[in-house]
Structure formats: structure tokens, C-alpha cells
Amino acid sequence: MGDTNDLSLKPLSLDTDPEHLSDDPKWTSGDFTLVSADGVRFRVQSCFILAASAVFRNAGDLSGGSEKVVRFSDSRCETASTLRDFLALATTAQLEPQWPTYGLVELCEHISAVVDFMRKYECDGVLRSLLLAFHYDLLLDGGRDYALEALVLGAVADDVDYCKKAIRASRWKEGSAVNDAKTDPLTESRRGCFPLVPSNMPLQVYELLPTGYAWALSRSWAVARENTLAWPHHFGSMVDISKSGR
């Protein structure tokens with residue numbers, strides 16, 4: 001490769017040893033190489049990466065003209081799946097096509113990982129693209145109720161207004177106490193209820209919410225349950241209180 005700028009953000013694991021790498025079939029050309037924590041190599045033009053991330057842009061050894069390599073090691077938020085979404089949003093401002101195929105818990109966990117990556121590497125513009133793409137492609141036109149996933153997205157992105165949109169978009173989940181008894185409390189929302197009410201959420205989704213947002217959702221629902229139209233306003237007020245008390 002010649003002279004290569006190699007930024008290892010954390011110690012290189014065996015999974016990302018060059019002998020154990022596989023190449024992503026889509027991202028195969030460019031002077032900037034990203035190696036995911038699970039050993040997948042992505043090649044892309046550096047202009048996209050440097051424009052997307054303030055961390056990479058400000059790293060002195062990534063500013064030269066030679067080929068650049070970044071190796072990741074966080075197995076939760078620096079995987080190939082996360083990098084594919086990051087690159088798609090950084091280059092086209094669009095979601096990868098598999099997003100509507102994820103189940104509830106899987107999508108919420110993926111959202112949390114992608115947002116954590118973008119916040120870690122200060123990809124503010126790409127995060128904004130994610131919020132917009134999710135809003136228009138899934139929340140408004142996704143064919144199913146994505147309000148709970150949108151709430152998780154807004155909460156982990158620390159965007160109160162986005163959470164309010166999710167609350168407004170929430171729909172009553174059809175069902176009865178009889179078939180609700182068959183739901184898995186770890187992975188499924190209760191039926192016959194509003195799925196954004198904390199006691200109706202699956203545990204694995206609830207645990208993804210930052211503490212202040214989870215508290216604000218519970219406290220605001222207690223106030224607004226008799227007037228659900230007021231719920232977004234009360235939620236925003238409770239988030240403000242949670243932040244002021246820290």
C-alpha cells in the first residue's frame with residue numbers, strides 16, 4: 001500500500017488482523033479504509049469520511065494525502081452493520097434497505113448502536129440525516145407503527161422534539177387481555193394499549209432508554225393519561241426537569 005496512515009482507536013484485536021478480514025461487497029474503492037470490530041473492511045473516498053466526522057477530520061495523522069486506515073474494536077457499536085448504515089447515510093442520506101425487516105427489539109438495539117457510533121465520532125450531520133430519513137421513510141410511511149422505535153431514536157440521540165413526534169405518532173395497539181397473556185414481556189409490547197407507556201414496553205427496549213428519558217416518560221404519562229394529547233408537552237417538561245436536576 002505504500003505510506004499508510006493507520007489510526008488504531010483501540011488495541012487491534014485478532015478479529016481485525018489483516019489475515020482474518022473480509023471485504024464488504026459494496027464498499028470496495030477509495031483511499032480511506034475502515035475495519036469493523038467484527039473484521040469487515042470498507043474502502044471509501046476520504047472526502048465522505050472527513051466531511052462526516054469531526055473526530056476523523058481533526059485527527060492530525062488522517063489529514064495527509066496517503067491512504068488512511070481506521071480499525072475499530074467496540075463489538076457493540078463499531079460492527080459492520082453499523083458501518084454500513086453510517087456510510088449509507090454519510091454518502092446518500094438514506095437508510096439501508098434492511099431497516100424495515102428488523103423486528104422491534106432488533107431495530108431498537110441497532111438504532112442505539114448506530115447513534116452511539118455517530119455521537120462517539122461527532123457525526124452530527126449524519127445523525128441529522130438518520131433522524132430525517134427515519135421520520136419520513138418509516139415513522140410517516142413505514143407500513144407499521146414505528147413510534148416506539150422513533151422514541152428510542154430520539155432518546156438516545158438526546159432530541160426531545162423528536163421524542164414528542166414519536167409520542168404524537170403512537171397508535172393504540174389492538175388486542176385484548178386474553179392474547180396479551182401470550183406476549184413475551186422481554187421482547188414484545190403489550191396489546192390493547194399505547195405501546196409507548198413504559199409499563200407496556202418490552203424490557204429489552206425500555207433498558208435502551210437513557211434514565212432521564214425513561215423517568216420523564218413514566219412521570220408525564222401519569223399526568224397526561226386522562227388527556228393523551230397533552231402527553232408530548234408534559235414529557236418535554238419532565239425531560240427538562242431531569243436535566244436541570246443533574
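Hey, any hits in segment 95-108 for a residue that's surrounded by 16 or more Cβ atoms within 10 Å (Cβ to Cβ) and touching a Pro at 6+ places or on another chain (Cβ under 8 Å)? Yes - at least one qualifying residue is present in segment 95-108. Taken over segment 57-91, residues that are modelled with pLDDT under 90, assigned to a helix (DSSP H, G or I) and touching a helix residue (DSSP H, G or I) at 6+ places or on another chain (Cβ under 9 Å) amount to 2. Of all residues in segment 127-134, none are surrounded by 20 or more Cβ atoms within 10 Å (Cβ to Cβ) and outside any helix (DSSP H, G or I). Return the residue satisfying two criteria in turn: it lies in segment 104-128 and is more than 9 Å from the chain's Cα centre (by Cα) and not hydrophobic (A, V, I, L, M, F, W, C), and of such residues it is nearest to residue 144 (Cα to Cα). Taking the candidates together, the pick is 106. Just one of (1) loosely packed, with under 15 Cβ neighbours inside 10 Å; (2) among the hydroxyl-bearing types (Ser, Thr, Tyr); (3) modelled with pLDDT of 80 or more fails for residue 176. It is (3). Among the residues of segment 93-126, write down those that are over 15 Å from residue 208 (Cβ atoms) and not in a helix (DSSP H, G or I). Within segment 93-126, 93, 94, 95, 96, 97, 98, 121, 122, 123 qualify.
Pull up segment 28-40, narrow it to residues that are assigned to a strand (DSSP E or B) and either β-branched (Val, Ile, Thr) or over 21 Å from the mean Cα position of the chain (by Cα) (or both), then point me to the one that is farthest from residue 78 (Cα to Cα). By that ranking, first place goes to 28. For segment 134-146, the count of residues that are closer than 19 Å to residue 210 by Cβ and touching a Phe, Trp or Tyr at 6+ places or on another chain (Cβ under 6 Å) is zero. Among the residues of segment 156-164, some residue qualifies, meaning at least one is at pLDDT 90 or above, buried (at least 18 other Cβ atoms within 10 Å of the Cβ) and basic (Lys, Arg). The number of residues in segment 208-235 that are buried (at least 17 other Cβ atoms within 10 Å of the Cβ), out of contact with any Pro (no Cβ under 6 Å at 6 or more places or on another chain) and under 18 Å from residue 147 (Cβ atoms) comes to 12.
Quick one: would you say residue 69 is of a type outside the set (D, E, K, R) and within 19 Å of residue 21 (Cα to Cα)? For residue 69, the condition - of a type outside the set (D, E, K, R) and within 19 Å of residue 21 (Cα to Cα) - is met.
The values are calculated or read from the model by the stated rules, or taken from the named source; none is laboratory data. Just so it is clear, the structure is predicted and the values come from calculations on it, not from any experiment. No Cβ is skipped: glycine too gets one built from the backbone with ideal geometry, and neighbour counts run over all protein chains shown.
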